[in-house]
Structure formats: structure tokens, C-alpha cells
Amino acid sequence: MLIRLAIAWMLGIVGADGLRPATGWLWAAAGLGLLAALVLRGRRLARGRVAALCLLCAALGGLRYLGSLPTLGPQSVAALVEQGTITLQGSIAGEPRRSEEQQRVVLRVETATINDATTAAEGLALLVLPPYPAYAYGDRLLVRGELHQPRAAERPGAFDYRAYLAHRGIFTIMQEPREVHLLAGTNGLAPLAALLAFRAHCQAILLRTLPEPQAALAIGVVLGIQSSIPDEVYQSFSVTGTSHILVVSGWNFTIVASMLGALAARLRLGRGATLALALVVMWVYAIFTGASAAVLRAAAMASLAAVARASERSSEPWHLLLGACWLISLADPHTLWDLGFQLSALATASLFAYGQPVADWFSRRRPFTWPVMAPISEALVATFAAQVLTLPLILYQFGNLSLVSPLANVVIVPVVPFAMGLGALALIGGLLWLPLGQWLALGAWLPLTWIAESARLLATPRWAAVQIPPFPLWLLLAGYTLLALHWWWRHRRGCATIAPHADGAW
């Protein structure tokens, strides 16, 4: 039931984005669904009642999406596009995204000045600034430049940067302002500012305890920051299909949950105290590592699993996945358009749906039946099973097909927990006393070097990855429809089961 209702909710959100129906129609559909669900009772009418509840959820999902759309009034900064040189004043709304060439800052606009006339303004504007001086969340800025609309898709099916920013409430962009001034004071949530400042301090500690590119990799797997990873290093991971290890994922939360469970057992904490500790630590860690949509999905799944364990209820993986997606889209419906969230959710669903069939296939073939091949077989099963649902979307978005991805995942992925654990240990040591962190970093250097060098060597051949020609959206949707029908057919035959290692992919 939960799975169907969650899917109906998300389909309602997507449908509302494409059709933009009047809210009156959605309220009528919600009322009809609620009324039918109350009337249709009994076993014979069970399917009708489920359909009515799905209609109710779809209508409510559409209403939630329409209610999240910003109102572009006369004071909106979006109304100032293409009006020449403008001076904006406001505060930085989130953590800036930095790279070697630039930093992208989202400014929450407070006032706008045109032709020496200053008026109140509202809304968000994206600023593309030089990498230095580095700005932080809450800083107040005065910028002078020209506002433009973000670029739209060049062809049907191509990446639409304008739509990407619109789902984040951003409708204007200022490329390289002529003037940028840091104003006195700050404007933001003090706890969030302190947490992000501590995160920046942790990044500086790792940069001082490890050489490059090991430091950048440690910052990625421990802190979830990719901006410090050199372009050539990131390209190696992209070619080998191992970019997923550079971001915080469900794997990190599995490790954190295991550590918290061991700590609670050692301290002999009660069930309620253990649950509270787990929820607080996991959500602080999620915010600490950037609170991306994929991280929030993993945190939500881990939290639901912790609640299920504390209440001694079963934590069926499909319910956890769809429940997490439901909660996240309830908080922010636009999350469904986040590519990182899409790939994260699809990878988890793919492990649940195809983990066991892929494992059965490997278990019947040599040399994977040999006991010594067990670690390699498990890595291959996870790699192939996760790519069943993620590969079509990757090919549609990037057109990059990695031919060395299975081998790269076998070589690199088993080492990641050691890199993460030892990197975190070096960070803790460095926070206590920098020389201690530098000594402890010697242990983290080896797995980090293995990861970096393996990716570099496997990305060297020209045939390591090939580019697939662009294909239309309808072909992508047709492919997923066929995969869904195939899974449904296997499920009807009783062949679809949950992979035993799926929890580790959260």
C-alpha cells in the first residue's frame, strides 16, 4: 500500500509540473478520492479503495507542488532581467559552490538600485564570481552588473540549465559582476553558519595532513566536498564510472549507524536514547556534508530503519526507499528533478530489484563459484545490479559509457571503507593536535593512493569510455517501461527477491 501511495504522490508532482492544472481541479480530485476511499469498504472493493487513495495522494502531490512555486511579483528580482547595469544588495542564502576557476553564490536579494533609484526587491539570484576572495553562508554582499536569464536547452532532451535553476527558485544569473563588495554583518541561521564554518575548518585540517590528490579524495569521501578535487582526477573517476565514491552516500550512513550501534551497546543506552542519538547524529552529519538530495534520501532511509528497529517492526527495504522519497518530496517537491537524487534512488531500487537475480547468475558460473572469488563476486554483483536502472539515465544525461566500470568498481570500491574510516581518524586526530593528525594520516594515505592511482591507470586507455549519441526522452521512458514490465513479470513468477547486501547501498 505504502509503495503505491508514494508512487502516486510523486506522479502527481510530476504531472502538476507538466500540465499545470488549476488548483480547483486538484482539490476536486482529492475530495473525490477521499470520498471514494471512505465509501469503498470490504474485500471485494479493496482494489477500488486503493485506486481512490492513489487518486487522493496524486492530487495532494500536485497541490503540494503548485504550492511550492514562487510568486513572481513586481518586486521580484526576475523582473529586472535584461535592464542594464543593476546594483543588488543581499545575503548569501547557502553554501557557495567552489571550483578551481570560480565560485557560484546564491544571493537572497533585499534591495535593487537602477539609475540611482533604490527599491525593495526579493527572490534569489545566482552570482558567478572569481574563486577568491572566498565567501561564506550568511555574508552580506553588494554587487553591480547585468542580470540575464539562465540558458535554456539547446535541443530537445539536452540539459536545461534554466529549468534546473527554476526548480531551485532561481530565475536570474549575474555572470562576473563588475563590482563585488563585502558588507558588514551577517544574515543567516547562526547554528547552520557555525556548522558550515566547522566543516570548512575540517577541510583545512585534511589539506594540511595529507598531500594531493589524497587530501581532496579524503575531503570528498568524509566531508562530501568535491570542489577541491582537481579536474584531471575527477575526470579519471568519471571515465571509470566510479564518481559515486566521491560523494557521501548511503554507505556512509550505514557505517555511521553501525558505529552508533556499537557505541550505544558499549554505553548500555536504552532503546529510546539509542534512537535519539542515531537520529541526531545522522541528520547533523547529513547537514554537515552538504544536505544534497541524495544525502537526504540516504539519511531518511537510515532514520526510518532506525525507527523500525527501535519499535521492533520490520524494515522492508522497498518501504524504506519509497517512504524516504515521499518524505523528501513532501518537504521539497523539486527534489524529484535533482539528478543526484534520481541516480541515488535508482541505484538503490536497482539493487533491491536485480541484486538477487544478478547474484544467482554469477553463482552459476566459474570462476565466481570459487570461495576465493567471493569479495570480487560481491563487488561485481553490486556494480551490475546498480547499473541496470542507472545506466539508461547516465547515457541520456551524459552519453558516457564506461567500459572499465566493472573492473574499476571491483578494484576501488572495497577499499573505500578503509579510506573513509582512516581519513576520519586522521581528521579527528588533526582536530585534537595537528601533528597527531599528520601521523594518523599515514595510515589513510595508502588506501587513498590506491583509489587515486587505480582510477588514473584504468582511465588511461582511449577505449576506457565511449560516447553514445544523444537519444530522445521518449526512448528513455520506453526503456524504463520495459524494465518495469520485466521486473513485474519476474515478481509475478516469484523470482524477484531482495539482495542480501542491499542495505550497504543506502
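Values in this text are rule-based calculations from the coordinates and carry no lab data. If you're wondering where the values come from, they're calculated on a predicted model, not measured in any experiment. No Cβ is skipped: glycine too gets one built from the backbone with ideal geometry, and neighbour counts run over all protein chains shown.
Using Cβ counts within 10 Å as a stand-in for footprinting exposure, how do 97, 366 rank, fewest first? Intermediate results must be reported in sequence, preceding the final value.
Values: 97 15, 366 7.
Least to most surrounded, the residues fall as 366, 97.
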request  = Normalise the Debye intensity by I(0) for region 159-260, one equal point scatterer per Cα, no solvent, then take log10 at q = 0.21, 0.23, 0.25 Å⁻¹ and round to two decimals.
outcome  = -1.21, -1.18, -1.18
message = Please list 3J(HN,Hα) in residue order for region 408-417, calculated via the Karplus relation 6.51 cos²θ - 1.76 cosθ + 1.60 where θ = phi - 60°; whole Hz, with x for glycine and proline.
response = 4, 5, 5, 7, 9, 4, x, 8, 4, x
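Longest span of the chain, sites excluded, free of GluC sites (Glu not before Pro) in DSSP loop with at most 13 other C-beta atoms within 10 Å? Write out the running numbers ahead of the final one.
On the way: sites that count: 82, 100, 101, 154, 312.
Formally, the longest exposed-site-free interval is 313-506.
With a cut-off of at most 11 other beta carbons within 10 Å, and DSSP calling the residue loop, which trypsin sites (Lys or Arg not before Pro) in region 1-45 qualify? Please list them.
Values: sites: 4, 41, 43, 44; in loops: 41.
Hits after loop and neighbour filter: 41.
Determine the relative contact order of the chain: mean sequence separation of Cα pairs under 8 Å and six or more apart, normalised by residue count, in whole percent.
Values: 798 pairs, mean separation 69.8, N = 506.
Once divided by the residue count of the chain, the mean separation gives 14 percent.
Could you please rank 10, 301, placing first whichever residue has the fewest other Cβ atoms within 10 Å of its Cβ? Could you put the intermediate results ahead of the total?
Working: 10 21, 301 30.
With the fewest neighbours first, 10, 301 line up as 10, 301.
Can you give the FRET efficiency for residue 268 and residue 97, using 1/(1 + (r/R0)^6), R0 = 45 Å, r = Cβ-Cβ distance, to the nearest 0.05?
FRET efficiency, residue 268 to residue 97: 0.55.
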key: Estimated 222 nm signal from helices in the chain, with DSSP H stretches of n ≥ 4 weighted -39500 (n - 2.57), rounded to 500   = -19000 deg cm²/dmol
note = With x for Gly and Pro, the residue-by-residue ³J(HN,Hα) of region 126-132, computed from phi through the Karplus equation 6.51 cos²θ - 1.76 cosθ + 1.60 at θ = phi - 60° and given in whole Hz, is 8, 10, 9, 10, x, x, 9
ask   = What list of ³J(HN,Hα) couplings, whole Hz, do you get for region 195-207 from phi and the Karplus terms 6.51, -1.76, 1.60, once you set θ to phi - 60° and write x for glycine and proline?
value = 5, 5, 5, 5, 4, 5, 5, 4, 4, 5, 5, 5, 5
Gyration tensor (alpha-carbon) shape descriptor, region 77-188, a/c threshold 1.5 = oblate
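Give me the Kirkwood hydrodynamic radius of the chain in Å, from all C-alpha pairs, to one decimal place?
Values: mean 1/r = 0.0397 Å⁻¹.
That comes to 25.2 Å for the chain.
Determine the percent antiparallel among the DSSP beta bridges restricted to the chain, to the nearest 5.
Values: 34 of 39 bridges.
If I count the DSSP bridges inside the chain, around 85 percent turn out antiparallel.
Sort 108, 47 so the one with the fewest other Cβ atoms within 10 Å of its own Cβ comes first.
Details: 108 18, 47 10.
Neighbour counts put them in this order, fewest first: 47, 108.
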request  = Take the alpha-carbon centre of region 76-101, take the same for region 349-403, and report the distance between them in whole Å.
outcome  = 44
inquiry  = Given an 8 Å cut-off on Cα distances and at least 6 residues of separation, report the relative contact order of region 2-68 as a percent.
reply    = 54
query = Separation of region 129-188 and region 430-444 by C-alpha centroid, Å?
reply = 37
query = With charges only on Cβ, +1 for K and R and -1 for D and E, what is the dipole size of region 1-58 about its Cα centre, in debye, rounded to 20?
reply = 380
task = Describe numerically, in nm with one decimal, the distance between label points set 7 Å from Cα along Cα→Cβ at residue 168 and at residue 400.
result = 1.9
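First measure r as the distance between the Cβ atoms of residue 489 and residue 116, then evaluate 1/(1 + (r/R0)^6) with R0 = 56 Å and state the FRET efficiency to the nearest 0.05.
Details: r = 69 Å, r/R0 = 1.24.
The computed FRET efficiency comes out at 0.20.
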key: Rh by Kirkwood over Cα pairs, then Stokes-Einstein D for region 156-198 at 1.002 mPa s and 20 °C, µm²/s   = 152
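Dividing the Cα radius of gyration by the Kirkwood radius, what Rg/Rh value follows for region 2-68?
When Rh is taken as the Kirkwood radius, the ratio is 1.01.
Please work out how much length the chain gains when fully extended from residue 439 to residue 27, using 0.36 nm per residue of separation minus the C-alpha to C-alpha distance, in nm with one decimal. If you can, show how the numbers build up before the last one.
Numbers: separation 412, 0.36 × 412 = 148.32 nm, distance 6.28 nm.
Result: 142.0 nm gained on full extension.
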